[in-house]
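Below: one structure, written as structure tokens.
None of the figures in this text is laboratory data; all of them are computed from the coordinates on show. In this text the structure is predicted, and so the values were computed from the model without any measurement. Here Cβ is always computed from backbone atoms with ideal geometry, including for glycine, and neighbour counts include all displayed protein chains.
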Amino acid sequence: MAETMLGSVAVIGGGIAGIQASLDMADQGFLVHLIESNPSIGGRMVQLDKTFPTLDCAMCILGPKLVDVQRHPNIRLLTYCDPQDLSGSPGNFTLKYLKKARYVDEDKCTGCGECEENCPYWVDDEFNEHLMRKDKKGRDKPGRKTVSIPFPQAVPKVAYIQAHNCAYLKKGKCGICKKKCGPGAINYEQKDEVKEINVGAVIVTTGFDPFDAKEISSLHYGQFPNVVTTLQFERLLNASGPTGGEVIRPSDQKHPKKIAFLQCVGSRNPQLNRNYCSAACCMYAIKEAIMAKEHDPDVEAYIYYMDIRAFGKGFEEFYQRAINEFNIHFIKSRISEIRENPENRNLIVKYEDFKGTPGISTEEMDMVVLSTGLDPSSHAEFLKRDLKLELSDTGFVVTDPLKPLETNQEGVYVCGVASSPKDIPDTVAEASGAAAKASILLKDVRGTEIEEKKLPREIKVSPADEPRIGVLVCHCGHNIGSVVDCAEVAEYSKQFDNVVYASDPMYACAADSQVVIKDAIKEHKLNRVIVASCTPRTHEPLFRSTLQEAGLNEFLFDLVNFREQVSWVHPHQEDEANEKAKDLIRGAITRACGLEPLFKEKIPIIKKALVIGGGVAGMTSALDLARAGYPVYLIEKEDQLGGELLKIPELHNGLKGPEVVAQMRKEIENEPEITVYTNSELEELSGAVGKFKGVVQGEEIQFGAVILATGAEPFTPNGYYNYGNASNVVTQRELEERFDELDPQNVVMIQCVGSREEEAPRTYCSRICCTAAIKNSIRIKERNPNANVFVLYKDIRTYGDLEELYLKARELGTVFIRYTDDNEPSVDSNGTVTVFDEMLGVNLQVTPDLVVLSVPLVPKPNEELGQMFKCARGADNFFLEAHVKLRPIDFATDGIFLAGTSQFPKFSTEAIYQGSGAAVRVMALLAKGFILSEGAIANVNQDICRGCGRCEQVCPFKAIELETKTIRMETQDLKMVKAVVNEGVCKGCGTCVVTCPVSAITIKHFPDKLIESQFESILTRPELTEKVEADTPSVEAP
Amino acid sequence: MTQVETKPQIENFEPTILVFACNWCSYAGADLAGVSRLKYPSNVRIVRVMCSGRVDPAFVMKAFLKGADGVMVAGCHPGDCHYLEGNLRAKERIDKMVEAMQVLGFKVERFRLEWISASEGKRFAQIMTEFTEKIRSLGPLKP
């Protein structure tokens, strides 16, 4: 451990894992250096069109996170930088990195895109997975300019030059971009620089690279134009991809009608040293097949697979929808090769099916999509050489099953695909978990590396003050100026009474313009500022902070979007564009008159946490929180901590459940910050985030946040396969408990008993049962190699490294026989099991001495607790997280989190990282000691409210509650019900405002009056002869 | 202050289209249409709201009264809502409003509710073009 600890962290990799880890660290007050080798953060997820299983638009859910990172005061973005070397010790490391020359000054570039527009040279487009575009003559051309912005939503939105293709940098000719760049950001003299930072800890989130399908020559990727990868197909589906969202064949631009998806390309392949299953490919192939059909209902999609591994939450249901609703064809098979029909460039897929069809079958396709696996990223070499991390044979970072976020180097943590293939929700939960570990190491130096921005005292602006508006109409180089007459619009603005200043800067967002704005506020005593430039979604924070620096409340600002909504979409229509520009600015001036200063309230919170459930997830959460310095109450219903793990003598990774529990219990006993209540339940609850009050064992406890880790237990399969009647029919758990006593010679294991059913609640795949069955079959075979073990299965779902176990079981001689829903196995009264073997086409019969049923995990009783905390449960009865993709451990309600099998079945390792992840979400909340309200939130006028409660019903965040108030009227007390907004919870969506039948609720910054006055003003063109008054909306006293 | 109706004559009729777009999806879709330089008619005026659930049906009626020839509310696709289900609330209310419009004999084609995501810049432009042409063909609301 270092003598001087630093309250900062380096996050290596700017994908979704790095983004989540950075936000979780920065929110607590650690300084974060986020290092990304590409010119923008976002990682692989920004390339995706949609995400499974909800078909959410990837950019819609990721975009706000990218912006959160950019505007976070505690995050320093180091993009286009390669880490090089790490020295020092935990708590104080020095990380060297190479800042690659961008040839664009990041501080000067405004992201206007003028350089890209004018650059005459095209280069390969990596973001669009090397897909070509067609030129006017229909020839294939590379898709990106030599100087370009990585993608439209890039963060930072700064251009970069690909030096090896730039005519100026290579030959000294061209130089067009430099001439065209208004802010003078292009700098051909830039050189690569080696720099260094000092940090207390390192989080590795280097992710993956897709497997290079050229390595499998029989698939002819790169040779046959109509063979593409899934990431390429993702770009073809995407509305902002190279084809504008049209799925077309690269060879002839025709719409493919028959598309094949080939699974396990570069996974589950020992010849390629890739034994592992890539865990995400089955689901993304199904998603792409569905999307292809949504784009064109005539498409026939075929998925050639070995096992469909739909093991996550909502995955199995998604798979069933693909079959039943979208008629996707699933063919269990092994691919031998792809041939091309030279006449039409169609592809002939040659495969061997598993239905016993003799020989090789063939099918002609218009297009073939290769589901390429997840390779460790190309940075793996750096991890090994410079970070000295231990890597597996396949190149992933090695971790301990009980410490899945820690590496062999203390102070260096890992999460996401860097440690094993996984999908997005698991990656996000792990990223939060890794942040928890780094926070514990650096807990004593939290807040030491960050600086609170000092702002001047705010100028008092009251609704009674005459509005004094300043308007800046930005040219954005030629972007706006070439279409909109900015000087004229500025002049037009001046004709309104309340506009006392107007100008038309070349770049309103450039640093010198901020000085102009601040000076104008001072000189002209402005109390409102309007900038007409680009989208508020990226630029509002910048101008708001400029206002704050000038002492003006940040809410006294409005942005008008001339670039995205006028000049870029109405070029060559100057008259109409100018008219529209004037309409929009008029609307903004009217709106600005009614803007009020708003204050983000600091709402103090109780810096204690409650964890409900003392299984492995809950114990991990409690330990992490306590170690980070927060007092924790841990409530367990049973008489001892440990949960289900106590009942599992041996785990698939060789660990012994009771030993693991014993160790954790000891750690908890030694942790003075944890108060354990066994044999207990939460008896009462009131309050909300920051100030919950509960009763346990008759004692009142107070806490600011809570983690629900109530766990799951095996389903009791009464009535399935004579279970409960025949003594030789047991569950896997019962086999484990009686393993020493039962020594069977012939065993039949039946998978998916009571899971993957047609009717809710158990429509899901329980994720762990394949592995549990395989583990037990191995244990039986290792004890008695002559024992016969038959596993009757639908799909073997040993994802990630678990695939190794499957291979081992097969090597040991376990017999795997596949059955389908139409042909389920049966057990007769003599105990004879009959199953139809598709491969051989016959019924097989065996009379085993033991039948073992693999049953799903079902949630432990959680309904009452769910109601208490107003937390939703899914159709499967598991707790329902806020968002299945990006918020896997948050509930929709603030201050309540979930972990472990209460969310979905999972392995203990997964419960551990989720437990850590939930812990850091709590830390981020408690660290500051207060919650900052949003500012633009709802407000109930108590005099008008009649307590009907409709607002309470529609509020998605449970931010409104009805309270009974006693009002003294003359001689008697009247009890009245009124709605009250919890300011710490309200997100300002405004749906309650519209619901209120008596208009008692307003939403600050977007009240009815301001929205109405804005659009009325847009729609009504006043005749301007001399100065006119903008329609000042009458403002209600707050 | 004198006010002049923005309505021109029926010949060369240029409709005024008002679009309430939610900040997180549809407004972002409009941004992407811009970044992708996709043209659509300049008749469209966008008003940003945080959520489509913020749009009071009364806004729509008032917009028609104040001179809009067509009004659209654009929000996130179901399931994508930044505020979980504001878009669904919007739909409930707006469906009722449309029913009432029908009863009153109002041409409901002048109003539309659309789901447009942040990645659907092209669709945003297409919908705006199509809607503008539709309203153009219907003629001015107040001739």
Can you bin every Cα-Cα distance in the stretch A:716-858 into 5 Å intervals starting at zero and give me the percent of pairs per bin, rounded to whole numbers? 2, 10, 21, 24, 23, 14, 5, 1, 0
Using the count of nearby Cβ atoms within 10 Å as a rough guide to exposure, how do A:Ile912, A:Ile450 rank from fewest to most? A:Ile450, A:Ile912
In nm, give the distance between the simple-model label positions of A:Gln745 and A:Asn327, each being 7 Å from the Cα along the Cα-to-Cβ direction. 5.2 nm
When the expected Rg is taken as 2.2 N^0.38 Å, what fraction or multiple of it is the alpha-carbon Rg of the stretch A:469-593? 0.95
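Taking every DSSP beta bridge that has both residues in chain A, what percent is antiparallel when rounded to the nearest 5? The partial results should precede the final answer.
Working: 83 of 163 bridges.
Just about 50 percent of them are antiparallel.
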Need the C-alpha centroid separation for the stretch A:65-112 versus the stretch A:160-182, integer Å. 24 Å
What Rg and what Dmax come out for the stretch A:964-1025 when only alpha-carbon atoms are used, in angstroms? 18.5, 62
State which entries of A:Lys145/A:Lys178; A:Lys108/A:Lys518; A:Lys137/A:Lys258; A:Lys100/A:Lys170; A:Lys214/A:Lys287 exceed 21 angstrom in Cα-Cα distance in the structure shown. A:Lys137/A:Lys258; A:Lys214/A:Lys287
Quarter of the surface of the C-alpha convex hull for the protein assembly as shown, i.e. direction-averaged projected area in nm², equals 50.4 nm²
Amide H neighbours of A:Ile186 under 5 Å, counting only residues 5+ apart in sequence or on other chains, H built in-plane at 1.01 Å? A:Asp105
Separation between Cα centres of the stretch A:809-827 and the stretch A:589-630, rounded to whole Å: 49 Å
Distance cut-off 30 Å, Cα to Cα: go down the list A:Lys313/A:Lys647; A:Lys157/A:Lys600; A:Lys388/A:Lys781; A:Lys350/B:Lys122; A:Lys254/A:Lys313; A:Lys50/A:Lys134 and report the pairs above it. A:Lys388/A:Lys781; A:Lys350/B:Lys122; A:Lys254/A:Lys313
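Once you list every other residue whose beta carbon is under 15 Å from the beta carbon of A:Arg446, what net charge do they have if Lys and Arg are +1 and Asp and Glu are -1?
On the way: positive: A:Lys437, A:Lys443, A:Lys607, A:Arg627, A:Lys928; negative: A:Asp24, A:Asp27, A:Asp444, A:Glu449, A:Glu451, A:Glu452, A:Asp624.
So the environment of A:Arg446 carries a net charge of -2.
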Quick check: residue separation of A:Lys388 and A:Asp124 times 0.36 nm, minus the Cα distance between them. What number comes out in nm? 91.6 nm
For A:55-63, what's the mean count of beta carbons from other chains sitting within 10 Å of each residue's beta carbon? 6
Just grab the label-to-label distance for A:Asn830 and A:Asn718, each label 7 Å out from Cα along the Cβ direction, in nm (one decimal). 3.0 nm
Applied in sequence order to the stretch A:194-208, the curve 6.51 cos²θ - 1.76 cosθ + 1.60 (Karplus, θ = phi - 60°) yields integer Hz couplings, x standing for Gly and Pro, of 9, 10, 9, 10, 10, 9, x, 8, 10, 10, 8, 9, 7, x, 9
Cβ density ranking, 10 Å radius, fewest first, applied to B:Ser42, A:Ser999 yields A:Ser999, B:Ser42
Pop a pseudo-label 7 angstrom from the Cα along the beta-carbon direction at both A:Lys178 and A:Glu116 and give the gap in nm to one decimal. 2.2 nm
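Treat the count of other C-beta atoms within 10 Å as a stand-in for reagent exposure and order A:Arg733, A:Arg946 from fewest to most. Intermediate results must be reported in sequence, preceding the final value.
Working: A:Arg733 20, A:Arg946 13.
Going from sparsest to densest Cβ surroundings: A:Arg946, A:Arg733.
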Tell me which residues come under 5 Å, amide H to amide H, from A:His883 once H is placed; ignore anything under 5 positions away on its chain. A:Asp890
Could you work out the relative contact order of the stretch A:938-1003, using alpha carbon pairs under 8 angstrom and six or more residues apart, expressed as a whole percent? 45 percent
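For A:Glu681 and A:Thr964, FRET efficiency with R0 = 22 Å and r from the beta-carbon atoms, rounded to 0.05? Don't skip to the end; give the middle numbers.
Details: r = 27 Å, r/R0 = 1.23.
Efficiency for this residue pair is about 0.20.
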HN-Hα couplings for the stretch A:747-759 via Karplus (6.51, -1.76, 1.60; θ = phi - 60°), in whole Hz with x for Gly/Pro, come out as 10, 10, 10, 10, 8, 6, 8, x, 10, 6, 7, 6, 9
Compute the separation of the alpha-carbon centres of the stretch A:937-996 and the stretch A:870-895 and state it in Å as a whole number. 25 Å
Apply the Karplus parameterisation 6.51 cos²θ - 1.76 cosθ + 1.60, with θ equal to phi minus 60°, to every residue of the stretch A:267-283 and state each ³J(HN,Hα) to the nearest whole Hz, in sequence, with x for glycine and proline. 9, 6, 9, x, 4, 9, 6, 10, 6, 6, 8, 7, 6, 10, 5, 4, 5
Choose one answer from B:Ala118, B:Ala100, B:Ala63: the residue with the largest mean-square fluctuation in a GNM of chain B with alpha-carbon springs under 10 Å. B:Ala100
Can you flag which of A:Lys608/A:Lys870; A:Lys384/A:Lys437; A:Lys1004/B:Lys62; A:Lys637/A:Lys693; A:Lys1009/B:Lys107 are past 24 Å Cα-Cα? A:Lys1009/B:Lys107
For the stretch A:469-593: relative contact order, % (alpha-carbon pairs under 8 angstrom, 6 or more apart): 32 percent
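Contour minus end-to-end for A:Glu811 and A:Gln953, with contour as 0.36 nm per residue of separation and end-to-end as the Cα-Cα distance?
On the way: separation 142, 0.36 × 142 = 51.12 nm, distance 5.79 nm.
Contour length minus Cα-Cα distance gives 45.3 nm.
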Can you give the net charge of the other residues whose Cβ lies under 9 Å from the Cβ of B:Leu138, counting K and R as +1 and D and E as -1? +2
Across the Cα atoms of the stretch B:17-138, what radius of gyration and what greatest pairwise Cα-Cα distance (Dmax) are found, in Å? 13.5, 41
Given a cut-off of under 8 Å on Cα pairs at least six residues apart, what relative contact order in percent is computed for chain A? 11 percent
Can you work out D for the stretch A:636-776 in µm² s⁻¹ from Stokes-Einstein, where Rh is the Kirkwood radius over C-alpha pairs, the temperature is 20 °C and the viscosity is 1.002 mPa s? 116 µm²/s
Taking amide hydrogens as modeled 1.01 Å from N in the peptide plane, which residues meet the under 5 Å criterion relative to A:Thr79, leaving out close sequence neighbours? A:Glu36
